[in-house]
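The values are calculated or read from the model by the stated rules, or taken from the named source; none is laboratory data. Remember, it's a predicted structure, so these values are computed and weren't measured experimentally. So basically every Cβ, Gly included, is an ideal-geometry build from the backbone, and we count neighbours across all protein chains shown. Note: accessible area is taken over every heavy atom of the protein model, side chains too, but ligands, DNA and RNA are not part of it. Shrake-Rupley method; radii C 1.70, N 1.55, O 1.52, S 1.80 Å.
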Amino acid sequence: KICESSGESLVSCEGECCSVFHMECLGLKSMPEEKFICTECKNGEHTCFSCKLPGKDVKRCSVNTCGKFYHEACVRKFATALFESRGFRCPQHCCTACSMDKDIHKASKGRMVRCFRCPIAYHSGDGCIAAGSLFVSSHILICSNHSKRNHSSSAVNVGFCFVCARGGKLLCCESCPASFHPECLNIEMPEGCWNCNDCKAGKKLRYKQIVWVKLGNYRQVRYFGVLMLWMWWPAEICNPRSVPLNIQGLKHDIGDFPVFFFGSHDYYWVHQGRVFPYVEGDKSFAEGQTSINKTFKKALEEAAKRFQELKAQRESKEALEIERNSRKPPPYKHIKSNKVIGKVQIQVADLSEIPRCNCKPSDENPCGLESECLNRMLQYECHPQVCPAGERCQNQCFTKRLYPDAEIIKTDRRGWGLRTKRSIKKGEFVNEYVGELIDEEECRLRIKRAHENSVTNFYMLTVTKDRIIDAGPKGNYSRFMNHSCNPNCETQKWTVNGDIRVGLFALCDIPAGMELTFNYNLDCLGNGRTECHCGAENCSGFLGVRPKTAFATANEEKVKNAKLKQKKRKIKTEQKQMHEDNCFQCGDGGELVMCDKKDCPKAYHLLCLNLTQPPFGKWECPWHQCDVCSNPAVSFCEFCPHSFCKDHEKGALVASALDGRPCCSAHD
C-alpha cells in the first residue's frame, strides 16, 4: 500500500482494510508475532478510496475481501456501484468497459483486474482493459487515468469536425484529438479547457483497436525512412507484452501504449492525445488521389483488411455468447420470500389480530377452493395456530409455498416464459410474486439507472403506494411469467400474517404443458409503450393498454353499420401514428410513453414526467398545456415541452439560430 510494488516479505493487515505492506516500508525487521493491524484500522479513520480524504464517516464495501472505504456521496458518483440492503458493492467489482458498453449482465461477472489507485476495474484480457494501463501484478494494475503527462504533450487535434467532417472554427478536446463545431453540438464556444463527452464519461481506447495516429506537430515527418503524409497514419494498438523486446524497452509512462503502423510495419509508443478510432470506410478519402504515397496507400489497404478481420472475430464471439446465453435465462438470484431493501418494513400481526374462519376439521375440504371459508373469500390466509381446521386447513398456500410444478421455457418472440407441468384448476394458487421489496424513491432510481444502461426488461410490481416488488435481480419462477391480453392467471393481493403479499391464481382450468401468463395492465412499472407479442385475438398491441373487447362473430360482422367500420379504421390509423424515438424532455432513448393527441409525435420517459406508471386512458403530453396556467397552448418551444397559451405567449419564445425554430428562455 505504501510503495505500490509487489515482492516478498509482505505483512497483511488483519483489520477491516485487508491491505498488505512490505516489512521495510513499515520499518519492521521481522514478521510481527502477534496479529498485525495497521494504523488506520486501529484509529478507525479510513481514507476514502475515491477522494483520498480520511474520516470516520466513510463506509466499507460490503464484499468481505475488498476492504475499500468510501464516502457515500463519492461512491454514488460511479454508475458501476451497486447498492444493496446490507450496504454497497464498490465499483471495483464491476467492469468499467462493459458498463460503458451497456452490457450490465456481463459487467459484474468474471475475473477482474483492479486499479491500485482508484475505483476502476476491468475484466482480465485485451477486450476490456484500457490501453496504457500498467500491470503491477496479475490482478492489480494502475489504470491510464494516472498518467504523469504534462501540458506540453497534450492532445493534437484534428482539423475537421467529428460531426460534419468540415473545417472552420473548431472546439478542441483537451484530452483526445476530437474537434467539433460548437453549432454541431448545439452549444456556445466555452471558455477555458473543454473535454468531449467520451472523455468526460471516461471512455478509453483498448488493445487490438484500429486507430489513426499522429507522431509530430508538423504537416509531414520522415519516420524510419517513410514520409508520413498528413501525419495521421492508420495503426493498431498492441498489448505491450506482444511487441518486440526492443520496443518494450523504449521510454514510456503510464498512459502510453505501443501501436503497430500499417504499411511501414514499425512500432511506436503514443498516448490517447494523439490517437482517435478508425471507423469503417475511413480509407475512402484517399481513393482517386494519384499523388498519394505508396506506403500510405498500402497502409490504408492493410488497415481496412485488419479492421474487417477484427470485426469478424468480434461478431463471431458475440454470436457464440448469444447462442450460449440462449440456452439458459439471464442470471438472477433465486429467493423464496421477499427481501427488504432500505426503509421498507414487513408487517407482522399479533395472533389476536388474525381473523378466525368458521371451517371445521370434519369438513370435506376445510378452507379449500370450494369451501365457504370466510378468510379465503376476504383474501386472508389462515394461520396454523388460529384456524379451527388445524393441520387440515387448505388455505396456507403462501406460507407452505404450495406451487404446482412448472418449468422455464424459451418462447418464440417473448423471451423466456413459464409453463406448468400439471393441470391446474380454476382459482388454484399458482405462485407468489416475490423479489426485493423497495420504496417509490428506490424504484425511481432503478428505473433511471435502467434507462441510462438501455435496460428494457422490468420486473417491478406495485403492492401498495410505497411498497414495490422488484423481481429483476432476485425472485422466483413467477418473474418469468409473460404478459397476455387474454391471460390464464391473475394477480391478487392477500394478507398473510398481517403483511400484504401478491399471489398469482388461475383464471380458468389450465391443462399441463400450457404457458402461464397474466395481464401486466397497469400493474407493472417501467414498461411504457412496449409492443405486445402475446398473440391473443383481443391483443391491444402494447403493454399497459387495455385489451380490445372480444371479436364479433361472423353473423354479427355482417350487420355492423358503416359508423362502426369507420371507427375501426380510425383506431387502426391511430396505431400506425409515428412517434419520435427519443424522450422530448431529456433527449435519450429507452422505454417511452407516447402522446395520444392526434399528429403529436412526442414521447417521454416515465421518470421525466415524474410518473411511476403509464397514464391511464387517452393521454396528452405537457407540450399541449400552457406552462403558466395549464390552458390549451398555441405557441410551442421546439426544443423542450415548454409551451404557452394566447394570454402568456408574448415574449415567451424567440427565433433560434437553427432555421428560426421558436425556442424558450431555457435555451441559449
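Quote the FRET efficiency, to the nearest 0.05, computed for K317 versus I409 with a Förster distance R0 of 22 Å and r equal to the Cβ-Cβ distance. Intermediate results must be reported in sequence, preceding the final value.
Working: r = 27 Å, r/R0 = 1.23.
Using R0 = 22 Å, I get an efficiency of 0.20.
Please work out the FRET efficiency for the pair L10 and D599, using the Cβ-Cβ distance as r and a Förster radius of 60 Å; give the result to the nearest 0.05. Before the final figure, lay out the partial values.
Working: r = 71 Å, r/R0 = 1.18.
For R0 = 60 Å, the calculated efficiency reads 0.25.
Quick one: give the max-minus-min coordinate of the C-alpha atoms of the chain along each principal axis, largest first, in Å.
Here the Cα extents, ordered largest to smallest, are 98, 84, 52 Å.
Which whole-number percent is the relative contact order of region 377-429 (Cα, under 8 Å, 6+ apart)?
The value is 25 percent.
Could you give me the radius of gyration and the Dmax of region 82-173, taking only the C-alpha atoms into account and expressing both in angstrom?
17.4, 55
Quick check for you: with a 1.4 Å probe and neighbouring chains kept, what is the accessible area per residue of the chain, in Å²?
Ligands and nucleic acids excluded, the result is 57 Å² per residue.
In terms of solvent-accessible area of protein heavy atoms at a 1.4 angstrom probe, what is the ranking of E370, E40, highest value first?
The most accessible residue leads, giving E370, E40.
Taking the full set of protein chains and a 1.4 angstrom probe, give the accessible area of W416 in square angstrom, rounded to the nearest 10.
50 Å²
Can you spot the aspartates and glutamates whose alpha carbon is less than 19 Å from K169's alpha carbon? Ignore those fewer than 8 places along the same chain.
Cross-link targets: E183, E188, E191.
Just want to confirm a number: the relative contact order over region 251-381, from Cα pairs under 8 angstrom separated by 6+ residues, in percent.
For region 251-381, the relative contact order is 14 percent.
Calculate the length of the line joining the C-alpha centroid of region 164-182 to that of region 638-668, in whole Å.
Region 164-182 and region 638-668 have Cα centres separated by 29 Å.
What is the distance in Å between the Cα centroid of region 617-633 and that of region 355-395?
52 Å
Using the crude model of +1 on Lys and Arg Cβ and -1 on Asp and Glu Cβ, and no other charge, please compute the dipole size for the chain relative to its Cα centre, in debye to 20. Numbers along the way, then the final one.
On the way: 94 positive and 78 negative charges, 245 e Å.
The dipole magnitude comes to about 1180 debye.
Given Cα pairs under 8 Å that are at least 6 residues apart, what percent is the relative contact order of the chain?
About 6 percent, as a whole number.
Leaving ligands, DNA and RNA out of it, rank R314, R356, R444 by accessible area with a 1.4 Å probe, largest first.
On the way: R314 120, R356 150, R444 70 Å².
The most accessible residue leads, giving R356, R314, R444.
Given the DSSP H assignment, sum -39500 (n - 2.57) over each helix run of at least 4 residues in the chain and divide by its residue total; what's the result at 222 nm in deg cm²/dmol, nearest 500? Please report the intermediate quantities before stating the final value.
On the way: 13 runs with 102 residues, N = 668.
Calculated mean residue ellipticity at 222 nm is -4000 deg cm²/dmol.
Using a 7 Å offset from the Cα along the Cα-to-Cβ direction at both A201 and D126, what is the distance between the two label points in nm, to one decimal?
The modelled label-to-label distance comes out at 2.5 nm.
Separation between the T464 and R76 pseudo-spin-labels, each 7 Å from Cα along Cα→Cβ, expressed in nm?
With each label placed 7 Å out from Cα toward Cβ, I get 2.6 nm.
Could you calculate the contour length gain from D647 to D509, that is, 0.36 nm times the residue separation minus the distance between their Cα atoms, to one decimal place in nm?
43.6 nm
Looking at this model, which pairs from K1/K35; K493/K597; K109/K339 are more than 30 angstrom apart at the alpha-carbon?
With Cα atoms farther than 30 Å apart: K493/K597.
How large, in percent, is the carbon and sulfur part of the accessible surface of region 407-520 at a probe radius of 1.4 Å?
Accessible surface attributable to carbon and sulfur in region 407-520 totals 45 percent.
In Å and on Cα atoms, what radius of gyration and Dmax does region 334-550 show?
18.1, 59
So how much slack lies between E440 and I140, counting 0.36 nm per residue of separation and subtracting their Cα-Cα distance, in nm? Mind dumping the intermediate values first?
Values: separation 300, 0.36 × 300 = 108.00 nm, distance 3.91 nm.
My answer for the length gained is 104.1 nm.
What nm value, rounded to one decimal, do you get for the distance between N486 and E428 when each label is placed 7 Å out toward the C-beta?
Spacing of the two 7 Å Cα→Cβ label points: 2.2 nm.
Starting from the Cα of K56, step 7 Å toward the Cβ, then list every residue of region 5-45 with an amide N under 13 Å from that point.
43-45
Given a 1.4 Å probe and heavy atoms of the protein chains only, how would you sort M100, M594, largest accessible area at the top?
M100, M594
Just subtract the alpha-carbon distance of A536 and K421 from 0.36 nm times their residue separation and send over the number in nm, one decimal. List each step's numbers first, then the result.
Working: separation 115, 0.36 × 115 = 41.40 nm, distance 2.21 nm.
Full extension of this stretch gives 39.2 nm more.
List the aspartates and glutamates whose Cα sits under 17 Å from the Cα of K59, skipping any in the same chain fewer than 8 residues away.
Reachable aspartates and glutamates: E16, E40, E45, E72, E84.
Once the whole set of protein chains is in place, how much accessible area is left on H648, using a 1.4 Å probe, in Å² to the nearest 10?
Probe radius 1.4 Å; accessible area of H648 about 70 Å².
Just to verify a number: what accessible area does F262 come out at with the full protein assembly present, 1.4 Å probe, Å² rounded to tens?
My reading of the accessible area for F262 is about 10 Å².
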